[in-house]
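S.K.: Dropping a structure here in structure tokens format, bear with me for questions.
The values are calculated or read from the model by the stated rules, or taken from the named source; none is laboratory data. Fair warning: this is a prediction, and the values are worked out from it, not measured in the lab. Cβ atoms come from the backbone with ideal geometry, glycine included; neighbour counts cover every protein chain shown. Calculation scope for accessible area: heavy atoms of the full protein, side chains included, ligands and nucleic acids excluded. Shrake-Rupley method; radii C 1.70, N 1.55, O 1.52, S 1.80 Å.
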Amino acid sequence: ALGDSYTIGQSVGVNERWPKQLITGLSNLGYTTGELKIIAQTGWRTDNLQNAINQQLPLNGYSLVSLLIGVNNQFQGGNIQTYAIEFEALLVQAISLAGCNPSHVFVLSIPDYAFTPFGNGNPSISSQIDEFNKVNRLITSNYNVKYIDITLISRRGLAEPALVATDGLHPSGAMYALWVQEILKS
């Protein structure tokens, strides 16, 4: 599981993180699951994630690889063209980590933190998140990788406060469970 604070589940317990919930869901469906490896940290942009992956190479033997990255590129005022280049490189690397099989990789859209108490419904945030997601969706499509849109789920955060963690910014375990339901459909 490659990403940032959303992937490590900032402000939720280990078992509430979406990658851990996904492993549990896959096991419950009868899939054999191996060890979960998360390469993610709060605050990471695409370049930080790439550096972390490079420090851990060689990585191999993964039958399923996820990628969720970009919110910090947006939050820190990053250039969308740079994001596109770096996101594509990460996607190519994710495919490589999955044995060069694009069907063993999936990308999650960037959640919209405007729909948290921290974001306070700011439409500018939502507009920027939409632009970053247009870029990552197009690139993902070009590589025939499954794209799972969880942004709509994240936009329920202000109307359904239980979907936001106690820090007022990140998803709660309940929201991550909804993401996992969406992933398991695929």
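S.K.: If you split all Cα-Cα distances of the range 91-132 into 10 Å bins from zero, what percentages do you get per bin, shortest first?
M.R.: 28, 29, 22, 21, 1
S.K.: Could you calculate the contour length gain from K134 to A162, that is, 0.36 nm times the residue separation minus the distance between their Cα atoms, to one decimal place in nm?
M.R.: 7.3 nm
S.K.: Right, next: Hydropathy first: keep DSSP H helices in the chain averaging at least -0.5 on Kyte-Doolittle, then drop any whose Cα extent along the axis falls short of 18 Å, and list what survives.
M.R.: Working: long enough: 80-97 (25 Å, 1.14); 123-142 (29 Å, -0.53).
Within the chain the helices that satisfy the rule are 80-97.
S.K.: While we're looking at this one, here's another question. Among (i) 1, 8, 18, 22, 22, 16, 8, 3, 0; (ii) 1, 9, 16, 17, 19, 16, 12, 6, 3, 1, 0; (iii) 1, 7, 13, 15, 15, 11, 9, 7, 7, 5, 4, 2, 1, 1, 0, only one was calculated for this model; which label is it, if the read-out is P(r) over Cα pairs in 5 Å bins from 0, in percent?
M.R.: (i)
S.K.: While we're here: With r as the distance between the Cβ atoms of L26 and D149 and R0 = 22 Å, compute the FRET efficiency 1/(1 + (r/R0)^6) and round to 0.05.
M.R.: Numbers: r = 20 Å, r/R0 = 0.91.
Between D149 and L26 the formula returns 0.65.
S.K.: For D167, what accessible surface area do you get with a 1.4 Å probe? Give it in Å², rounded to 10.
M.R.: 70 Å²
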